[in-house]
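Bear in mind that the values in this text are calculations on the coordinates, not laboratory data. The structure displayed is predicted, hence computed values, not measured ones. With ideal geometry, Cβ positions are generated from the backbone for all residues, glycine too; neighbour counts draw on all protein chains shown.
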Amino acid sequence: MGLVKLLKKIKSKTSRFKRRSYFTTPSHHMGSFTIPKMSEILGNSFYNCDVSEIEGIKNFEGPSKQLIHSQENASEVYGTKATFYLTNGSTSGVVASMLTVLRPYDKVLVARNCHKSVYSGLVLTNALPIWVMPNYNEDWGIYEYVNPNIIEQVLELHPDIKAIIITSPSYYGALCDVEKIARIARERNVYLIVDEAHGALYKFDKTIGTSAVDVQADFCIQSLHKTAGGVNPTALLHVGFESNIDINDVQKSLDLITTSSPSYPMLASIEATVDFLNSKKGKAKIANLVDDVERFKKRLLKLKNVHIYSQNNDITKILIKIDGFSGFEISEILLNRFNIEDELANEKSILFVCGIGTTSKKLNKLYGAIKKISRMKPKPKDCEIEREKQVYPIMKYTPFMAKLLHGVEKPLIEALGCISKSAVIPYPPASPLLLPGEVIQKWHIDNLDEEFIEVVAE
């Protein structure tokens, strides 16, 4: 019995179960009581299936036979050594991967455009980050891919590096050469962790991008809710088929940071999402998405003053510029005049994320709005404000050690040369600009919005 079938079984027996007198959790007792405002929104169906370990229903303790079977099926779909279901996002997959392979003061090569979950992993493992800067595109104001040659150079300087952590695709859709990086990692006997949160569709349509699963990265983490139609915050943690990672160690790491009260509806939704993506209908849906986005981009290219980012990127990420307009200005116009919300904007460009729910109708609406904006007269600007390229981080302490040390608050403008106790991580894209243990440089003073900052006391 799979998780979806189990959920159907629970729902079919709801009336029988409701006749019982419960002194168990969850306290809504299969919807016998629901918070009024939430029942108005969700109805009772969700509550009916949200059960704990009750007599007559197999539980997930251990984990259960149903969960094991479902994860094994997912592993076959993806061609992995093991696939784990995550109900608290890709964050838990990234952290669990780090906990599995890193020990205190282990060196780990980390791309600076990493997600803040990597910072959490650094704190929990007390590992020492060796930073590598991704390529910076000044024309678009974005960080792109990590050059494999740079990774090789860093590994030459630090042969004791234990693991590599990269993000591919980046928030903006820029793809790393994961195949080459995976080969470098294998040659040097270094673990490779790939945050592929935005790449959940790659396995099912290789025209979008190359999945780290297919190049035998040790760990690949994918969010199902970002592009694949899953509910927040469902995700997958894959262990590469050829990896020497002990899957029992991965489960132990997950047990440290994940709940002991899993949600049946969420787990079943993961199974259903994977099954759909792997189905004929699901693959056709993804192929149609790709076709729709490609047609949309071709139409955009014909517009005067509109530019599209197309440098080794995930084609479902649409990054554009319009002459005379900042990304922030475009974002404001789209929301206020056309009721269209973008994913992220910066000084130069604006990002639109397309997923399995993106239709040709939505793309047509976006095209019409961009066409109208491209014909507008830009407002005159006193001066162009551009963020400088981020400086290479200087670490004096591991983030874990910096957290333990006594701190004092200082005006940022007076903190040059101090060691930060604070993390500055804007969201989105949730990539760190400053971490605990890092020396505050002039770049931070010139570019961070913080008025005060906590620093390590001298």
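Taking other C-beta atoms within 10 angstrom as a stand-in for reagent exposure, Ser253, Ser39, Ser64 fall in the order Ser39, Ser64, Ser253, fewest first.
For Ala82, the residues whose amide H sits under 5 Å from its own are Val239, ignoring neighbours fewer than 5 places away on the same chain, with H placed 1.01 Å from N.
Of the cross-linked pairs Lys180/Lys283; Lys162/Lys281; Lys252/Lys442, those separated by over 31 Å at the C-alpha level are Lys162/Lys281; Lys252/Lys442. Dipole orientation for the chain: of the candidates Thr210, Gly229, Ile166, Gly229 has the Cα lying most toward the positive pole (charges on Cβ; Lys, Arg +1; Asp, Glu -1).
Between Pro429, Ala287, Ala200, the Cα set farthest toward the positive side of the dipole of the chain (charges on each charged residue's Cβ, about the Cα centre) is that of Ala287. Farthest toward the positive end of the dipole of the range 65-277, out of Trp131, Leu175, Leu155, is the Cα of Trp131, where the dipole comes from beta carbon charges about the Cα centre.
May I ask you to order 411-420, 336-345, 221-230 by the average number of other C-beta atoms within 10 Å around their residues, highest value first?
So the peptides 411-420, 336-345, 221-230, ranked by packing, come out 221-230, 411-420, 336-345.
Here the dipole of the range 281-374 is about 560 debye; that uses its Cα centre as origin and unit charges on the Cβ of Lys and Arg (positive) and Asp and Glu (negative).
Computed about its Cα centre, the charge dipole of the range 65-277 is approximately 380 debye, with only Lys, Arg, Asp and Glu carrying charge at their Cβ. Over the residues of the chain, the helix contribution to mean residue ellipticity at 222 nm works out to -11000 deg cm²/dmol, using -39500 (n - 2.57) for each DSSP H run of at least 4. Dipole check for the chain: with +1 at the C-beta of Lys and Arg, -1 at the C-beta of Asp and Glu, and the Cα centre as origin, the magnitude is about 2280 Debye. Going Cα to Cα from Lys372, which lysines come in below 24 Å? Please leave out same-chain ones fewer than 8 positions away. Qualifying lysines at Cα under 24 Å: Lys297, Lys298, Lys302, Lys304, Lys317, Lys321, Lys348, Lys361, Lys362, Lys381. For the range 87-189, the Kirkwood estimate of the hydrodynamic radius, built from every pair of different alpha carbons, is 14.1 Å. Take each peptide in 361-367, 169-175, count the other Cβ atoms within 10 Å of every residue, and average; sorted highest first, the result is 169-175, 361-367.
Expressed to the nearest 5 percent, the antiparallel share of DSSP beta bridges inside the chain is 65 percent. Scoring 397-409, 198-210, 182-194 by mean Cβ neighbours within 10 Å over their residues and listing the highest first yields 198-210, 182-194, 397-409.
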